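All remarks here apply to the structure that follows.
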Amino acid sequence: MEQEKSAELQKEELQQEAKKMKSNKIFDAVMFGLLIGIAIYSTVKNGFGLLTFLPLLYLPIAGKNQRKSMAIEKALKDKEFK
């Protein structure tokens, strides 16, 4: 009985985390789009410079968020089959 409650609680926590990750995906997309816009504006206005490569600095952060999201989705699928 305790294991069922624990498993159900873990499943609910995973579902809540999956909802948070969905909003993180949207945030990552908006941030990356904003950084691309800044880079294009900076390149057109001042030529190549530091801000031109700004979006490349955000890629590792977005990649880490994506891997975390995929791990949560996989864990949630595993819980559904058990």
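General observations
- Selected residue (criterion: farthest from Glu13 (Cα to Cα)) from residues of region 37-82 that are small (Gly, Ala, Ser), assigned to a helix (DSSP H, G or I) and out of contact with any Asp or Glu (no Cβ under 7 Å at 6 or more places or on another chain): Ser42
- Scanning region 40-61 for residues that are within 25 Å of the chain's Cα centre (by Cα) and of a type in the set (Ser, Thr, Tyr) yields Thr52, Tyr58.
- Criterion: assigned to a helix (DSSP H, G or I) and modelled with pLDDT under 90 - qualifying residue of Lys11, Lys25: Lys11
- Residue count for region 41-82, restricted to those that are loosely packed, with under 11 Cβ neighbours inside 10 Å and over 30 Å from Ala18 (Cβ atoms): 5
The values are calculated or read from the model by the stated rules, or taken from the named source; none is laboratory data. Treat the numbers as computed from the prediction; the structure is a model and nothing was measured. A quick note on method: Cβ atoms are made from the backbone with ideal geometry, for glycine too, and the neighbour counts reach across all protein chains shown.
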